[in-house]
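What follows is one structure encoded as structure tokens, with my remarks underneath.
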Amino acid sequence: MRMDTREAIANRIRGLCQERGITVNKLCSISAVPQATVKSILNGESQNPGTVTIKKLCDGLEITLGEFFSTSEFDALEQEIK
């Protein structure tokens, strides 16, 4: 089964937290993104995680949006328009 964009974003956030040895709660506090927002992204409840939200998370992680999306997981995503 192929991954969709929402899953790829959630996996990337989890992976970045793990790499840095921080919890999701810590990520929320350093990026000023509400815990409920991040939880809904991680649980697949957020249908369309906003770019501004992802940018804030990147700022908290001290990476660029380009670095966030520059992974083989995102490169392998199928086109959303069918």
> What percentage of the solvent-accessible surface of segment 1-77, computed with a 1.4 Å probe over protein heavy atoms, is contributed by carbon and sulfur atoms?
Replying inline: 50 percent
>> Rg/Rh for the chain to two decimals, with Rh computed the Kirkwood way over all alpha-carbon pairs.
In response: 0.95
> If you put +1 on each Lys and Arg Cβ and -1 on each Asp and Glu Cβ, how big is the dipole of the chain around its Cα centre, in Debye rounded to 20?
Replying inline: 280 debye
> Taking the simple approach of a point 7 Å from Cα along Cα-to-Cβ for both ILE22 and SER72, what is their distance in nm?
Replying inline: 2.7 nm
> Angle between the Cα long axis of helix 5-20 and the longest principal axis of the chain, 0 to 90 degrees, nearest 10?
Replying inline: 40 degrees
>> Students often check this: by mean Cβ neighbours within 10 Å, which of 58-66, 43-51 ranks highest, and how do the rest follow?
In response: 58-66, 43-51
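The values are calculated or read from the model by the stated rules, or taken from the named source; none is laboratory data. What you see is a predicted model, and the numbers here were worked out from it, not measured in a lab. Because the Cβ atoms are built from the backbone with ideal geometry, glycine has one as well, and the counts that use them run over all protein chains shown. These accessible areas exclude ligands, DNA and RNA; they are computed on the full protein's heavy atoms, side chains included. Shrake-Rupley method; radii C 1.70, N 1.55, O 1.52, S 1.80 Å.
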